[in-house]
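Here the structure comes first, spelled out in structure tokens, and everything after it is commentary.
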Amino acid sequence: MGIVSGLVLFAVIWSLVFLIALPIRVQTQGDLNDIVPGTHAGSPEHHHLRKKAFWTTVVALIIWAIAATIILSGWITVDEVESLFRAGAWSGRGIDE
């Protein structure tokens, strides 16, 4: 895995973790009964984006380190992953049949 592919892998993992973390502990205007006229009651009042970005980075670094270790060590190769997704691999039949 090169530097660019490592950075792309980290960016993808970070984005996925951030999208998972976004709805956690959001306090909406409707929850606080402080609805600003012209806005939806589900609009966030307190979203804590700085904390979420920090914890997303920590969790993404851990997941990325695990994924990079697996990729660089060769525990799972590209050929093994490709063999899982060939036609008939899930049904238990061989490809040559």
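The values are calculated or read from the model by the stated rules, or taken from the named source; none is laboratory data. Remember, it's a predicted structure, so these values are computed and weren't measured experimentally. No Cβ is skipped: glycine too gets one built from the backbone with ideal geometry, and neighbour counts run over all protein chains shown.
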- request: Would you check if there is a residue in the stretch 23-39 being in contact with a helix residue (DSSP H, G or I) (Cβ under 9 Å, 6 or more places away or on another chain) and at pLDDT 75 or above?
  value: yes
statement: Considering the stretch 1-51, residues that are out of contact with any strand residue (DSSP E or B) (no Cβ under 8 Å at 6 or more places or on another chain) and of a type in the set (Ser, Thr, Tyr), and then whichever is nearest to residue 77 (Cα to Cα), we arrive at 5
query: Hey, residue 52 hits all of (1) more than 26 Å from residue 1 (Cα to Cα); (2) modelled with pLDDT of 90 or more; (3) over 15 Å from the mean Cα position of the chain (by Cα); (4) not small (Gly, Ala, Ser) but one; which does it fall short on?
result: (3)
